[in-house]
Amino acid sequence: MSILVISTSLNPQSRSRVAARLAFDELASRGVDSRWIDLRELDLPMCDGGEAFAHPGVGTVAEAIAASRAVLLATPVYNFAPAASAKNLLELTGKAWEGKTVALLGAAGGSNAYTAPMLLAWSLMLDFRCVVLPRFVYATGAAFGDDEIIDEDVRRRIADLSVEVDRVSAALGAGP
Ligand SMILES: Cc1cc2nc3c(=O)[nH]c(=O)nc-3n(C[C@H](O)[C@H](O)[C@H](O)COP(=O)(O)O)c2cc1C
């Protein structure tokens, strides 16, 4: 089973996407079977608790999550929290996450909201029994150049996160 990397930012100039892509490339360079989903390409509806679940994009991403052994989830930080697009994804795909190992990565303007990505862990752990890695990456605007990460420490942390999500999910298996 593969590791799924999901970029949840809807911004055409997304920085968290750049970080997620680095994680994806790191996994690929290590020979890890991995898949990539960019939510900008799926045009997901807002979760309404009803008809939204039938949207074809929801099925696409839910099936990819369910088929993975782990997910690396990248989110923008908006208003001191993960962006609505990331939470909406969890609302739309719910049970597909059951038992997955999850790694979190966030991009923010500044450092004040540095625990924001972990807010996703509440639902992942308590609703869906995910094993959320006890490390995450939080990258501020200062870490980025034009379409690349220029901060070597952030690059190393992303590489470490990629290694860890592979190691832990391989040890645990895919869950139920
Ligand atoms: C609506 C909105 C709210 C934001 N709120 C915060 C915030 O609370 N803290 C912060 O550090 N940056 C904040 N930012 C800056 C974003 O985190 C930053 O632009 C980041 O790169 C977003 O990720 P993305 O580029 O992948 O979309 C906000 C940006 C927007 C558009």
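Read-outs throughout are calculated quantities, based only on the coordinates presented, and are distinct from any laboratory measurement. As the structure is a computational prediction, the values presented were derived from the model and not from experiment. We place every Cβ from the backbone using ideal geometry, glycine too, and count neighbours over all the protein chains shown.
Residue check: is Ser9 part of a loop (DSSP other than H, G, I, E, B), touching a strand residue (DSSP E or B) at 6+ places or on another chain (Cβ under 8 Å) and of a type in the set (Gly, Ala, Ser)? Yes; evaluated as a whole, the condition is true for this residue. Within the stretch 89-114, the set of residues being among the hydroxyl-bearing types (Ser, Thr, Tyr) and closer than 23 Å to Gln13 by Cα comprises Ser111, Tyr114. Whether a residue is touching a residue at least 60 places away in the same chain (Cβ under 8 Å), out of contact with any strand residue (DSSP E or B) (no Cβ under 7 Å at 6 or more places or on another chain) and under 27 Å from Thr115 (Cα atoms) was assessed, and Ser68 does not pass this test. Restricting attention to the stretch 16-41, the residues being touching a helix residue (DSSP H, G or I) at 6+ places or on another chain (Cβ under 7 Å) and within 16 Å of the ligand (Cβ to nearest atom) number 7. For the stretch 86-97, the condition holds for at least one residue, the condition being that it is within 13 Å of the ligand (Cβ to nearest atom), touching a helix residue (DSSP H, G or I) at 6+ places or on another chain (Cβ under 7 Å) and touching a residue at least 60 places away in the same chain (Cβ under 8 Å). Residue count for the stretch 103-148, restricted to those that are away from the ligand (no atom under 12 Å from the Cβ), among the aliphatic types (A, V, I, L, M) and touching a residue at least 60 places away in the same chain (Cβ under 8 Å): 2.
Count of the stretch 25-63 residues, restricted to those that are within 27 Å of Ala139 (Cα to Cα), touching a strand residue (DSSP E or B) at 6+ places or on another chain (Cβ under 9 Å) and free of Cβ contacts under 8 Å to residues at least 40 places away in the same chain, is 8.
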